[in-house]
Amino acid sequence: MSVVEKTIDESKQGEALLSVQKEDNGKKLYIESYGCAMNFADSEVVASILDKEGYNTTRNAEEADIVFLNTCSIREKAEQTVRKRLTEFKKQKKSNPNLVVGVLGCMAERLKKDLLEEEKLVDIVVGPDAYRDLPNLIQETNGGNKAVNVLLSREETYGDIAPVKLDQNGVTSFVSITRGCDNMCSFCVVPFTRGRERSRNPLTIVAEARDLFEKGYREVTLLGQNVDSYRWNMTSKGVIKDETIPTTNFAQLMEMVAQIHPDLRIRFSTSHPKDMGDDVLEVMAKYENICDYIHLPVQSGDNEMLKKMNRGYTVEWFKNRIDAIHRILPNALVSTDIIAGFCGETEEQHQNTLKLMEEVRFSFAYMYKYSERPKTLAERKYEDDVDEKTKGRRLQEIIDLQMQHAHEHNKRAVGKTYKVLIEKESKKSKDDYSGRNSQNAMVIFPKKGDKKPGDYVNVKITGCTAASLIGEIV
Ligand code: SAH
Ligand code: SF4
Ligand code: F3S
(Lines give C-alpha, C1' and ligand atoms only; values in the text may rest on other atoms or scores of the structure.)
(Ligands and ions follow the chains in the order given, each with its own letter.)
Protein backbone atom coordinates (compact mmCIF):
# COMPACT_ATOMS: atom_id res chain seq x y z
CA MET A 1 0.00 0.00 0.00
CA SER A 2 1.44 3.33 -0.95
CA VAL A 3 1.45 5.81 1.92
CA VAL A 4 3.56 8.41 0.24
CA GLU A 5 2.80 9.69 -3.20
CA LYS A 6 4.39 12.29 -5.41
CA THR A 7 2.28 15.12 -6.70
CA ILE A 8 3.23 18.16 -8.70
CA ASP A 9 2.11 21.58 -7.49
CA GLU A 10 1.57 24.21 -10.19
CA SER A 11 2.24 27.06 -7.77
CA LYS A 12 5.68 25.59 -7.12
CA GLN A 13 6.34 25.83 -10.86
CA GLY A 14 6.68 22.15 -11.44
CA GLU A 15 8.88 21.13 -8.53
CA ALA A 16 7.90 17.67 -7.38
CA LEU A 17 6.31 17.64 -3.96
CA LEU A 18 5.51 14.89 -1.51
CA SER A 19 2.04 14.51 -0.17
CA VAL A 20 0.66 11.92 2.19
CA GLN A 21 -2.15 9.58 1.24
CA LYS A 22 -4.99 9.40 3.72
CA GLU A 23 -5.12 6.12 5.58
CA ASP A 24 -6.25 3.13 3.55
CA ASN A 25 -10.05 3.13 3.84
CA GLY A 26 -10.29 -0.55 2.95
CA LYS A 27 -12.32 0.20 -0.17
CA LYS A 28 -11.44 -0.89 -3.64
CA LEU A 29 -11.87 0.96 -6.92
CA TYR A 30 -12.13 -0.74 -10.31
CA ILE A 31 -11.82 1.43 -13.46
CA GLU A 32 -12.36 0.32 -17.03
CA SER A 33 -11.39 2.74 -19.82
CA TYR A 34 -12.73 3.11 -23.34
CA GLY A 35 -11.91 5.42 -26.24
CA CYS A 36 -8.78 7.42 -26.83
CA ALA A 37 -5.50 7.60 -24.94
CA MET A 38 -6.70 10.76 -23.20
CA ASN A 39 -9.38 8.72 -21.48
CA PHE A 40 -6.82 6.15 -20.33
CA ALA A 41 -4.66 8.99 -19.01
CA ASP A 42 -7.69 10.51 -17.24
CA SER A 43 -8.42 7.21 -15.48
CA GLU A 44 -4.98 7.51 -13.90
CA VAL A 45 -5.90 11.00 -12.68
CA VAL A 46 -9.11 9.57 -11.20
CA ALA A 47 -7.13 6.79 -9.50
CA SER A 48 -4.79 9.42 -8.07
CA ILE A 49 -7.62 11.61 -6.72
CA LEU A 50 -9.20 8.61 -5.00
CA ASP A 51 -5.86 7.18 -3.86
CA LYS A 52 -5.54 10.31 -1.73
CA GLU A 53 -8.90 9.45 -0.18
CA GLY A 54 -7.60 6.03 0.80
CA TYR A 55 -9.00 3.94 -2.06
CA ASN A 56 -6.87 1.24 -3.61
CA THR A 57 -7.34 0.16 -7.21
CA THR A 58 -8.08 -3.43 -8.15
CA ARG A 59 -8.00 -5.26 -11.48
CA ASN A 60 -10.80 -7.53 -10.35
CA ALA A 61 -14.26 -5.94 -10.73
CA GLU A 62 -15.80 -8.58 -8.49
CA GLU A 63 -13.98 -7.42 -5.37
CA ALA A 64 -14.66 -3.71 -6.05
CA ASP A 65 -16.73 -1.34 -3.91
CA ILE A 66 -16.75 1.20 -6.74
CA VAL A 67 -16.89 0.40 -10.45
CA PHE A 68 -16.16 3.24 -12.88
CA LEU A 69 -16.50 3.05 -16.65
CA ASN A 70 -14.57 5.86 -18.32
CA THR A 71 -16.50 6.13 -21.55
CA CYS A 72 -16.25 7.26 -25.17
CA SER A 73 -18.89 8.81 -27.47
CA ILE A 74 -16.91 9.13 -30.68
CA ARG A 75 -19.02 6.62 -32.64
CA GLU A 76 -22.34 5.02 -31.82
CA LYS A 77 -20.66 1.64 -31.50
CA ALA A 78 -18.42 2.94 -28.70
CA GLU A 79 -21.51 3.88 -26.70
CA GLN A 80 -23.19 0.53 -27.38
CA THR A 81 -20.16 -1.29 -25.98
CA VAL A 82 -20.44 0.66 -22.74
CA ARG A 83 -24.21 0.10 -22.46
CA LYS A 84 -23.68 -3.63 -22.85
CA ARG A 85 -20.94 -3.58 -20.22
CA LEU A 86 -23.24 -1.70 -17.84
CA THR A 87 -25.90 -4.43 -18.03
CA GLU A 88 -23.22 -6.93 -17.07
CA PHE A 89 -22.75 -5.16 -13.74
CA LYS A 90 -26.43 -5.63 -12.94
CA LYS A 91 -25.89 -9.04 -11.36
CA GLN A 92 -23.06 -7.80 -9.21
CA LYS A 93 -25.17 -4.89 -8.01
CA LYS A 94 -27.98 -7.30 -7.09
CA SER A 95 -25.71 -9.37 -4.89
CA ASN A 96 -23.99 -6.26 -3.49
CA PRO A 97 -26.47 -3.35 -3.20
CA ASN A 98 -23.69 -1.14 -1.76
CA LEU A 99 -21.73 -1.34 -4.98
CA VAL A 100 -21.36 2.15 -6.49
CA VAL A 101 -21.43 2.21 -10.31
CA GLY A 102 -20.22 5.36 -12.04
CA VAL A 103 -20.06 6.52 -15.63
CA LEU A 104 -17.19 8.93 -16.30
CA GLY A 105 -15.88 10.62 -19.41
CA CYS A 106 -17.44 11.54 -22.71
CA MET A 107 -20.73 9.59 -22.50
CA ALA A 108 -21.30 11.09 -19.07
CA GLU A 109 -20.83 14.55 -20.52
CA ARG A 110 -23.01 13.88 -23.55
CA LEU A 111 -25.93 12.18 -21.82
CA LYS A 112 -25.71 13.82 -18.40
CA LYS A 113 -28.42 12.77 -15.95
CA ASP A 114 -30.21 10.70 -18.62
CA LEU A 115 -27.59 8.10 -17.85
CA LEU A 116 -29.05 7.57 -14.38
CA GLU A 117 -31.98 5.86 -16.10
CA GLU A 118 -29.62 3.32 -17.67
CA GLU A 119 -30.78 -0.04 -16.26
CA LYS A 120 -31.44 1.87 -13.00
CA LEU A 121 -27.89 0.89 -12.27
CA VAL A 122 -25.80 4.01 -12.54
CA ASP A 123 -25.21 5.91 -9.27
CA ILE A 124 -22.72 8.56 -10.38
CA VAL A 125 -22.31 10.51 -13.62
CA VAL A 126 -19.14 12.61 -13.89
CA GLY A 127 -17.88 14.59 -16.87
CA PRO A 128 -14.18 14.86 -17.81
CA ASP A 129 -13.61 18.19 -16.04
CA ALA A 130 -15.24 17.27 -12.73
CA TYR A 131 -13.00 14.50 -11.38
CA ARG A 132 -11.77 16.58 -8.43
CA ASP A 133 -15.35 16.43 -7.17
CA LEU A 134 -15.38 12.61 -7.08
CA PRO A 135 -14.77 12.25 -3.31
CA ASN A 136 -17.84 14.45 -2.63
CA LEU A 137 -19.94 12.72 -5.24
CA ILE A 138 -19.13 9.30 -3.79
CA GLN A 139 -20.09 10.64 -0.37
CA GLU A 140 -23.42 11.82 -1.79
CA THR A 141 -24.31 8.31 -2.94
CA ASN A 142 -24.36 7.11 0.67
CA GLY A 143 -27.83 5.85 1.39
CA GLY A 144 -28.66 5.19 -2.25
CA ASN A 145 -28.68 8.77 -3.62
CA LYS A 146 -27.57 9.58 -7.13
CA ALA A 147 -24.85 12.14 -7.87
CA VAL A 148 -24.05 14.08 -11.04
CA ASN A 149 -21.39 16.64 -11.99
CA VAL A 150 -20.94 17.36 -15.68
CA LEU A 151 -19.66 20.95 -15.50
CA LEU A 152 -17.06 21.70 -18.12
CA SER A 153 -14.20 24.03 -17.26
CA ARG A 154 -12.09 26.50 -19.21
CA GLU A 155 -9.12 25.99 -16.92
CA GLU A 156 -8.99 22.46 -15.51
CA THR A 157 -5.92 20.55 -16.71
CA TYR A 158 -5.28 18.38 -13.62
CA GLY A 159 -1.78 19.76 -14.08
CA ASP A 160 -0.87 19.34 -10.42
CA ILE A 161 -2.01 15.73 -10.14
CA ALA A 162 0.55 12.96 -10.53
CA PRO A 163 -1.38 10.09 -12.15
CA VAL A 164 -1.43 6.68 -10.47
CA LYS A 165 -0.26 4.29 -13.17
CA LEU A 166 -2.79 1.61 -14.15
CA ASP A 167 -2.07 -1.40 -16.37
CA GLN A 168 1.48 -0.21 -16.71
CA ASN A 169 4.28 -1.99 -18.54
CA GLY A 170 6.56 0.35 -16.60
CA VAL A 171 8.25 1.44 -19.84
CA THR A 172 5.84 3.63 -21.86
CA SER A 173 3.40 6.20 -20.58
CA PHE A 174 0.99 8.91 -21.73
CA VAL A 175 1.28 12.50 -20.52
CA SER A 176 -1.61 14.90 -21.22
CA ILE A 177 -0.60 18.35 -22.47
CA THR A 178 -3.93 19.83 -23.54
CA ARG A 179 -7.60 19.13 -22.86
CA GLY A 180 -10.66 19.83 -24.97
CA CYS A 181 -10.80 20.92 -28.58
CA ASP A 182 -11.77 24.17 -30.33
CA ASN A 183 -11.79 22.84 -33.86
CA MET A 184 -15.39 21.87 -34.44
CA CYS A 185 -14.84 19.34 -37.20
CA SER A 186 -18.42 18.82 -38.37
CA PHE A 187 -18.51 15.05 -37.70
CA CYS A 188 -16.96 15.16 -34.23
CA VAL A 189 -18.51 15.00 -30.79
CA VAL A 190 -15.31 15.80 -28.86
CA PRO A 191 -15.82 19.59 -28.59
CA PHE A 192 -19.16 18.85 -26.92
CA THR A 193 -17.89 16.18 -24.54
CA ARG A 194 -14.52 17.70 -23.66
CA GLY A 195 -15.19 21.42 -23.87
CA ARG A 196 -12.87 24.24 -24.81
CA GLU A 197 -9.23 23.68 -25.52
CA ARG A 198 -6.75 24.56 -22.78
CA SER A 199 -3.06 23.91 -22.32
CA ARG A 200 -1.31 22.56 -19.27
CA ASN A 201 1.57 24.34 -17.54
CA PRO A 202 4.77 23.14 -19.28
CA LEU A 203 6.63 22.91 -15.99
CA THR A 204 4.15 20.35 -14.66
CA ILE A 205 4.46 18.40 -17.92
CA VAL A 206 8.25 18.33 -17.66
CA ALA A 207 8.06 17.41 -13.96
CA GLU A 208 5.71 14.50 -14.71
CA ALA A 209 7.89 13.24 -17.57
CA ARG A 210 11.04 13.52 -15.43
CA ASP A 211 9.36 11.66 -12.59
CA LEU A 212 8.38 8.89 -15.01
CA PHE A 213 11.97 8.67 -16.27
CA GLU A 214 13.26 8.41 -12.71
CA LYS A 215 10.78 5.58 -12.07
CA GLY A 216 12.24 3.66 -15.01
CA TYR A 217 9.92 4.70 -17.84
CA ARG A 218 11.71 5.21 -21.15
CA GLU A 219 9.00 6.64 -23.41
CA VAL A 220 6.36 9.33 -23.01
CA THR A 221 3.61 10.15 -25.49
CA LEU A 222 2.44 13.77 -25.21
CA LEU A 223 -1.33 13.81 -25.62
CA GLY A 224 -3.83 16.32 -26.95
CA GLN A 225 -6.65 16.37 -29.53
CA ASN A 226 -4.49 18.81 -31.48
CA VAL A 227 -1.00 18.97 -29.97
CA ASP A 228 0.10 21.62 -32.48
CA SER A 229 -2.21 24.19 -30.93
CA TYR A 230 -0.55 23.77 -27.52
CA ARG A 231 0.07 27.28 -26.21
CA TRP A 232 0.83 28.44 -22.71
CA ASN A 233 1.58 31.76 -21.13
CA MET A 234 2.26 32.22 -17.47
CA THR A 235 -0.59 34.57 -16.61
CA SER A 236 -3.34 33.20 -18.78
CA LYS A 237 -3.10 29.41 -18.34
CA GLY A 238 -3.28 29.34 -22.11
CA VAL A 239 -6.89 30.51 -22.13
CA ILE A 240 -6.51 34.18 -22.98
CA LYS A 241 -3.96 34.57 -25.71
CA ASP A 242 -2.05 37.74 -24.73
CA GLU A 243 0.63 38.33 -27.35
CA THR A 244 2.70 40.59 -25.07
CA ILE A 245 3.51 37.74 -22.68
CA PRO A 246 6.13 35.17 -23.70
CA THR A 247 4.44 31.90 -24.58
CA THR A 248 5.48 28.28 -24.87
CA ASN A 249 4.33 26.58 -28.06
CA PHE A 250 4.35 22.88 -28.92
CA ALA A 251 7.79 22.89 -30.56
CA GLN A 252 9.27 24.56 -27.47
CA LEU A 253 7.45 22.21 -25.10
CA MET A 254 8.71 19.17 -26.98
CA GLU A 255 12.26 20.50 -26.80
CA MET A 256 11.92 20.94 -23.02
CA VAL A 257 10.75 17.33 -22.64
CA ALA A 258 13.43 16.01 -25.03
CA GLN A 259 16.13 17.60 -22.88
CA ILE A 260 15.15 15.62 -19.77
CA HIS A 261 17.36 12.70 -20.80
CA PRO A 262 18.59 11.29 -24.13
CA ASP A 263 17.27 7.86 -23.06
CA LEU A 264 13.71 9.15 -22.69
CA ARG A 265 11.89 8.73 -25.99
CA ILE A 266 9.25 11.27 -26.95
CA ARG A 267 6.15 10.59 -29.05
CA PHE A 268 3.07 12.76 -29.46
CA SER A 269 -0.51 12.48 -30.65
CA THR A 270 -2.49 13.90 -32.38
CA SER A 271 -1.02 16.33 -34.91
CA HIS A 272 -3.43 18.41 -36.97
CA PRO A 273 -2.53 19.00 -40.64
CA LYS A 274 -3.76 22.59 -40.53
CA ASP A 275 -1.53 23.50 -37.57
CA MET A 276 1.58 21.32 -37.87
CA GLY A 277 4.40 23.75 -38.59
CA ASP A 278 7.97 23.23 -39.75
CA ASP A 279 9.17 24.37 -36.31
CA VAL A 280 7.85 21.10 -34.83
CA LEU A 281 9.59 19.07 -37.56
CA GLU A 282 12.84 20.94 -36.99
CA VAL A 283 12.83 20.18 -33.25
CA MET A 284 12.15 16.53 -34.12
CA ALA A 285 15.16 16.54 -36.45
CA LYS A 286 17.37 18.05 -33.73
CA TYR A 287 16.76 15.39 -31.06
CA GLU A 288 17.47 11.72 -31.60
CA ASN A 289 15.11 10.82 -28.75
CA ILE A 290 12.06 12.41 -30.44
CA CYS A 291 10.66 9.57 -32.52
CA ASP A 292 10.58 9.67 -36.33
CA TYR A 293 6.86 9.18 -36.48
CA ILE A 294 3.84 11.44 -36.94
CA HIS A 295 0.16 10.56 -36.64
CA LEU A 296 -1.50 13.02 -39.01
CA PRO A 297 -5.21 12.28 -39.55
CA VAL A 298 -6.34 13.26 -43.04
CA GLN A 299 -9.99 11.98 -42.81
CA SER A 300 -10.62 12.29 -46.57
CA GLY A 301 -8.70 12.79 -49.82
CA ASP A 302 -11.34 15.03 -51.37
CA ASN A 303 -11.43 18.81 -51.05
CA GLU A 304 -15.20 19.12 -50.99
CA MET A 305 -15.46 16.50 -48.25
CA LEU A 306 -12.69 18.19 -46.24
CA LYS A 307 -14.58 21.46 -46.50
CA LYS A 308 -17.83 19.86 -45.32
CA MET A 309 -15.88 18.23 -42.51
CA ASN A 310 -14.63 21.69 -41.52
CA ARG A 311 -11.07 20.41 -41.29
CA GLY A 312 -9.43 23.70 -42.29
CA TYR A 313 -7.07 22.33 -44.98
CA THR A 314 -7.11 21.07 -48.56
CA VAL A 315 -5.58 17.96 -50.11
CA GLU A 316 -2.83 20.19 -51.56
CA TRP A 317 -2.06 21.62 -48.11
CA PHE A 318 -1.93 18.12 -46.63
CA LYS A 319 0.50 16.97 -49.32
CA ASN A 320 2.63 20.04 -48.67
CA ARG A 321 2.85 18.97 -45.01
CA ILE A 322 3.83 15.43 -46.10
CA ASP A 323 6.56 16.91 -48.33
CA ALA A 324 7.83 18.99 -45.41
CA ILE A 325 8.02 15.84 -43.26
CA HIS A 326 10.02 13.98 -45.91
CA ARG A 327 12.31 16.98 -46.44
CA ILE A 328 13.09 17.68 -42.79
CA LEU A 329 12.79 14.11 -41.44
CA PRO A 330 13.84 11.74 -44.25
CA ASN A 331 13.39 8.63 -42.07
CA ALA A 332 10.00 9.51 -40.60
CA LEU A 333 6.84 7.49 -41.20
CA VAL A 334 3.35 8.94 -41.16
CA SER A 335 0.09 7.31 -40.06
CA THR A 336 -3.45 8.65 -40.36
CA ASP A 337 -7.19 8.38 -39.63
CA ILE A 338 -9.75 8.02 -42.44
CA ILE A 339 -13.55 8.21 -42.39
CA ALA A 340 -15.48 6.30 -45.07
CA GLY A 341 -18.93 7.41 -46.25
CA PHE A 342 -19.25 10.89 -44.75
CA CYS A 343 -22.42 12.82 -45.69
CA GLY A 344 -22.87 13.10 -49.45
CA GLU A 345 -19.64 11.28 -50.31
CA THR A 346 -19.77 10.21 -53.97
CA GLU A 347 -17.94 7.28 -55.52
CA GLU A 348 -15.51 9.70 -57.12
CA GLN A 349 -14.80 11.39 -53.79
CA HIS A 350 -14.14 7.99 -52.23
CA GLN A 351 -11.74 7.25 -55.11
CA ASN A 352 -9.96 10.51 -54.28
CA THR A 353 -9.28 9.16 -50.79
CA LEU A 354 -7.80 5.96 -52.25
CA LYS A 355 -5.73 8.11 -54.63
CA LEU A 356 -4.31 10.19 -51.81
CA MET A 357 -3.47 6.99 -49.90
CA GLU A 358 -1.57 5.73 -52.98
CA GLU A 359 0.39 8.97 -53.12
CA VAL A 360 1.23 9.27 -49.44
CA ARG A 361 1.52 5.56 -48.51
CA PHE A 362 0.76 5.75 -44.78
CA SER A 363 2.55 3.26 -42.56
CA PHE A 364 -0.57 2.72 -40.47
CA ALA A 365 -4.16 3.98 -40.29
CA TYR A 366 -7.24 3.96 -38.10
CA MET A 367 -10.18 3.61 -40.47
CA TYR A 368 -13.87 4.10 -39.68
CA LYS A 369 -17.33 4.21 -41.17
CA TYR A 370 -18.95 7.58 -40.58
CA SER A 371 -21.25 7.47 -37.56
CA GLU A 372 -23.60 10.40 -37.07
CA ARG A 373 -23.33 12.02 -33.64
CA PRO A 374 -26.06 14.10 -32.00
CA LYS A 375 -25.53 17.88 -31.79
CA THR A 376 -22.62 17.96 -34.23
CA LEU A 377 -22.66 20.37 -37.17
CA ALA A 378 -22.94 17.44 -39.61
CA GLU A 379 -25.99 16.10 -37.79
CA ARG A 380 -27.69 19.47 -37.96
CA LYS A 381 -26.67 20.42 -41.48
CA TYR A 382 -26.05 17.36 -43.65
CA GLU A 383 -27.86 14.16 -44.36
CA ASP A 384 -26.18 10.89 -43.38
CA ASP A 385 -27.06 9.57 -46.83
CA VAL A 386 -24.42 7.00 -47.74
CA ASP A 387 -26.11 3.65 -47.09
CA GLU A 388 -24.55 1.13 -44.69
CA LYS A 389 -23.62 -1.31 -47.44
CA THR A 390 -21.76 1.33 -49.43
CA LYS A 391 -20.04 2.63 -46.30
CA GLY A 392 -18.95 -0.93 -45.50
CA ARG A 393 -17.65 -1.58 -49.01
CA ARG A 394 -15.73 1.71 -49.14
CA LEU A 395 -14.23 1.08 -45.71
CA GLN A 396 -13.11 -2.39 -46.82
CA GLU A 397 -11.42 -0.93 -49.92
CA ILE A 398 -9.61 1.57 -47.72
CA ILE A 399 -8.56 -1.18 -45.29
CA ASP A 400 -7.33 -3.48 -48.09
CA LEU A 401 -5.23 -0.73 -49.63
CA GLN A 402 -3.83 0.29 -46.25
CA MET A 403 -2.83 -3.32 -45.49
CA GLN A 404 -0.91 -3.40 -48.75
CA HIS A 405 0.91 -0.17 -47.91
CA ALA A 406 1.71 -1.27 -44.36
CA HIS A 407 3.11 -4.54 -45.66
CA GLU A 408 5.24 -2.67 -48.22
CA HIS A 409 6.69 -0.45 -45.48
CA ASN A 410 7.50 -3.51 -43.41
CA LYS A 411 9.10 -5.36 -46.33
CA ARG A 412 11.33 -2.37 -46.92
CA ALA A 413 12.57 -2.66 -43.33
CA VAL A 414 13.80 -6.25 -43.79
CA GLY A 415 17.60 -6.37 -43.68
CA LYS A 416 17.87 -3.10 -41.74
CA THR A 417 18.89 -2.74 -38.09
CA TYR A 418 16.83 -0.55 -35.74
CA LYS A 419 17.21 0.73 -32.21
CA VAL A 420 14.26 -0.82 -30.38
CA LEU A 421 12.93 -0.04 -26.92
CA ILE A 422 11.88 -3.34 -25.30
CA GLU A 423 8.34 -2.93 -23.96
CA LYS A 424 7.15 -6.34 -22.84
CA GLU A 425 7.01 -10.05 -23.40
CA SER A 426 5.39 -10.86 -26.75
CA LYS A 427 1.75 -11.88 -26.49
CA LYS A 428 2.39 -14.94 -28.65
CA SER A 429 5.48 -16.42 -27.01
CA LYS A 430 7.17 -16.02 -23.65
CA ASP A 431 10.50 -16.60 -25.40
CA ASP A 432 10.09 -13.34 -27.33
CA TYR A 433 10.01 -9.64 -26.52
CA SER A 434 8.08 -6.94 -28.33
CA GLY A 435 9.04 -3.31 -28.68
CA ARG A 436 8.99 -0.47 -31.17
CA ASN A 437 11.49 1.28 -33.37
CA SER A 438 11.56 5.05 -33.70
CA GLN A 439 9.10 4.87 -36.64
CA ASN A 440 6.59 3.14 -34.35
CA ALA A 441 6.76 -0.26 -36.06
CA MET A 442 6.11 -3.15 -33.69
CA VAL A 443 9.18 -5.43 -33.59
CA ILE A 444 9.16 -9.02 -32.26
CA PHE A 445 12.46 -10.76 -31.41
CA PRO A 446 13.78 -13.61 -29.21
CA LYS A 447 14.99 -12.72 -25.72
CA LYS A 448 18.75 -12.61 -25.40
CA GLY A 449 21.17 -12.39 -22.46
CA ASP A 450 20.08 -10.09 -19.64
CA LYS A 451 18.16 -7.64 -21.86
CA LYS A 452 14.81 -6.67 -20.33
CA PRO A 453 11.86 -4.30 -20.79
CA GLY A 454 13.08 -0.69 -20.60
CA ASP A 455 16.41 -1.51 -22.33
CA TYR A 456 17.32 -0.31 -25.79
CA VAL A 457 18.64 -2.98 -28.17
CA ASN A 458 19.69 -3.07 -31.81
CA VAL A 459 17.47 -5.47 -33.72
CA LYS A 460 18.23 -6.72 -37.23
CA ILE A 461 14.99 -7.28 -39.14
CA THR A 462 14.78 -10.73 -40.76
CA GLY A 463 11.11 -10.93 -41.73
CA CYS A 464 7.72 -9.26 -41.43
CA THR A 465 3.93 -9.40 -41.66
CA ALA A 466 1.62 -6.47 -42.47
CA ALA A 467 1.34 -5.81 -38.74
CA SER A 468 4.86 -6.28 -37.38
CA LEU A 469 8.57 -6.74 -37.97
CA ILE A 470 10.43 -9.87 -36.89
CA GLY A 471 14.11 -9.78 -36.02
CA GLU A 472 16.96 -10.62 -33.68
CA ILE A 473 19.13 -8.68 -31.25
CA VAL A 474 22.57 -7.99 -32.74
N1 SAH B 1 -8.27 15.03 -32.63
C2 SAH B 1 -8.00 14.03 -33.57
C3 SAH B 1 -8.99 12.89 -33.64
C4 SAH B 1 -9.83 12.55 -32.50
S5 SAH B 1 -11.11 11.38 -32.78
C6 SAH B 1 -7.92 14.66 -34.94
O7 SAH B 1 -8.39 15.74 -35.18
O8 SAH B 1 -7.46 14.01 -35.84
C9 SAH B 1 -10.26 10.07 -33.57
C10 SAH B 1 -10.76 9.74 -34.94
O11 SAH B 1 -12.08 9.25 -34.88
C12 SAH B 1 -10.85 10.90 -35.89
O13 SAH B 1 -9.62 11.22 -36.45
C14 SAH B 1 -11.83 10.41 -36.92
O15 SAH B 1 -11.18 9.71 -37.96
C16 SAH B 1 -12.69 9.45 -36.13
N17 SAH B 1 -14.04 9.99 -35.91
C18 SAH B 1 -14.38 11.08 -35.20
N19 SAH B 1 -15.71 11.29 -35.26
C20 SAH B 1 -16.21 10.30 -36.03
C21 SAH B 1 -17.53 9.95 -36.47
N22 SAH B 1 -18.57 10.70 -36.16
N23 SAH B 1 -17.67 8.85 -37.24
C24 SAH B 1 -16.61 8.10 -37.59
N25 SAH B 1 -15.36 8.38 -37.20
C26 SAH B 1 -15.15 9.46 -36.44
FE1 SF4 C 1 -12.64 16.22 -33.19
FE2 SF4 C 1 -11.60 17.76 -35.05
FE3 SF4 C 1 -11.11 18.26 -32.49
FE4 SF4 C 1 -10.04 16.14 -33.65
S5 SF4 C 1 -9.61 18.26 -34.16
S6 SF4 C 1 -11.04 16.20 -31.67
S7 SF4 C 1 -11.61 15.48 -35.06
S8 SF4 C 1 -13.10 18.41 -33.49
FE1 F3S D 1 -13.85 9.12 -27.24
FE2 F3S D 1 -13.94 11.22 -25.71
FE3 F3S D 1 -11.62 10.33 -26.59
S4 F3S D 1 -15.35 10.75 -27.33
S5 F3S D 1 -12.15 9.42 -28.54
S6 F3S D 1 -12.96 9.27 -25.24
S7 F3S D 1 -12.18 12.45 -26.24
Positive-end extreme of charge dipole, the chain - chosen from SER95, LEU203, ILE138 (charges on Cβ): SER95
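Please work out whether segment 234-381 counts as rounded, prolate or oblate from its C-alpha gyration tensor, where a ≥ b ≥ c are the square roots of the eigenvalues and a/c under 1.5 means rounded, while otherwise a/b larger than b/c means prolate and anything else oblate?
Here segment 234-381 falls in the oblate category.
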Tell me the relative contact order for the chain as a rounded percent, counting alpha carbon contacts under 8 Å between residues six or more apart. 10
Cysteines in the chain lacking a second Cys C-beta under 4.7 Å: CYS36, CYS72, CYS106, CYS181, CYS291, CYS343, CYS464
How large is the charge dipole for segment 210-331, taken about the Cα centre, if only the Cβ atoms of Lys, Arg (+1) and Asp, Glu (-1) carry charge, to the nearest 20 debye? 320
Loop-only check: which GluC sites (Glu not before Pro) in segment 264-320 are DSSP coil with at most 13 other Cβ within 10 angstrom? GLU288
Just want the answer: with Cβ charges of +1 for Lys and Arg and -1 for Asp and Glu, which residue in GLY159, PHE342, TYR34 is farthest toward the dipole's positive end in the chain? TYR34
Cut-off under 26 Å on the C-alpha distance; same-chain residues fewer than 8 positions from LYS308 excluded. Which lysines are left, in chain and number order? LYS77, LYS274, LYS319, LYS355, LYS369, LYS375, LYS381, LYS389, LYS391
Cα gyration tensor shape of segment 27-149, rounded if a/c is under 1.5, else prolate or oblate by comparing a/b with b/c: rounded
For a test of the definition: using alpha carbon positions, the gyration tensor, and the 1.5 limit on a/c, classify the chain as rounded, prolate or oblate. rounded
To the nearest 500 deg cm²/dmol, what mean residue ellipticity at 222 nm is calculated for the chain from DSSP H runs of n ≥ 4 alone, each contributing -39,500 (n - 2.57), summed and divided by the residues? -9500 deg cm²/dmol
Of all trypsin sites (Lys or Arg not before Pro) in segment 350-379, which ones are in loop regions per DSSP and have a Cβ with at most 13 other Cβ atoms within 10 Å? LYS375
Mind checking the dipole of the chain: about its Cα centre, +1 per Lys or Arg Cβ, -1 per Asp or Glu Cβ, Debye to the nearest 20? 780
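In the chain, what percent of the accessible surface is made up of carbon and sulfur (1.4 Å probe, ligands and nucleic acids excluded)?
Details: 10570 of 21310 Å².
C and S atoms contribute 50 percent here.
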Cα-derived Rg over Rh, computed across segment 312-440 with Rh taken as Kirkwood radius: 1.05
Contact order normalised by length for segment 417-473, with contacts defined as Cα pairs under 8 Å and 6 or more residues apart; what percent is it? 35
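The values are calculated or read from the model by the stated rules, or taken from the named source; none is laboratory data. Because the structure is a prediction, the values reported are computed rather than measured. Note that each Cβ is placed from the backbone with ideal geometry, even for glycine, and that neighbours are counted across all protein chains shown. SASA here: full protein model, heavy atoms, side chains in, ligands and nucleic acids out. Shrake-Rupley method; radii C 1.70, N 1.55, O 1.52, S 1.80 Å.
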